[in-house]
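The values are calculated or read from the model by the stated rules, or taken from the named source; none is laboratory data. Just so we're clear, the structure is a prediction, and the values are computed from it rather than from any experiment. Heavy atoms of the whole protein, side chains included, go into the accessibility calculation; ligands, DNA and RNA do not. Shrake-Rupley method; radii C 1.70, N 1.55, O 1.52, S 1.80 Å.
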Amino acid sequence: MKPRLRILFCITLGALIGTGIAIRTIRAGALSTSSAIGPWQTGSDFATARAGAQTRAIIALRGLLALPAREARYYAAQVDDAGNRLDGHCRYRVTGGRLPARWWSLTLYDNTNGFLVANASGRYSYNSAGLPVSEQDGWQIVVAPRPVGAPPPGAQGRHWLPTGGIDRFDLTLRVYLPAGGGTTNLTRTQLPSITKEDCA
């Protein structure tokens with residue numbers, strides 16, 4: 001192979017590999033200034049002038065309406081408490097309590113395209129305003145491909161967030177008007193736990 005063709009081949013191959021790595025990183029949602037808190041990841045540069053190109057690309061791809069930290073904090077989970085990738089064929093129990101904020105929501109997204117997952121029930125998220133008063137201090141949401149049965153007598157209400165049986169999904173927790181103006185991350189004990197119960 002002629003030297004010029006060899007150089008052109010190497011440049012082309014390098015560009016393709018670099019582009020592939022960049023696309024994979026952005027699709028994985030790895031924030032450029034991220035902090036891991038258990039299964040949750042959060043970025044510190046949303047809606048700021050210091051947001052890097054990687055964070056801006058992830059926000060554009062995922063369609064996040066990135067508000068300043070004083071208005072909203074975002075936490076994303078791609079794994080469960082054990083560190084295993086969230087699988088749409090499995091059943092998970094997401095357990096949490098009252099968060100130090102005015103309002104919060106938990107939304108499920110398809111990991112491959114960042115879109116909401118189509119389902120017959122039309123259920124895409126849960127939020128603090130939609131939970132009964134009796135569950136505000138301690139709630140459970142079952143994330144699974146099929147609906148859950150009635151909870152056993154005396155148990156807390158259990159709510160279902162459908163995965164549609166897709167291969168991979170993400171959970172995004174949005175915390176609006178957080179305490180302290182959003183200057184600090186929520187702690188591990190404040191953030192919900194994500195426990196795998198079984199798989200189909």
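Quick notes
- Length added when fully stretched, residue 12-residue 85, from 0.36 nm per residue minus Cα-Cα: 23.0 nm
- When 7, 141 are compared by accessible area at a 1.4 angstrom probe, the order from most to least is 7, 141.
- Using heavy atoms of the protein chains and a probe of 1.4 Å, the accessible area assigned to residue 71 is about 70 Å².
- Taking amide hydrogens as placed 1.01 Å from N in the peptide plane, the amide H of residue 160 sits under 5 Å from those of 142, each at least 5 positions away in sequence or on another chain.
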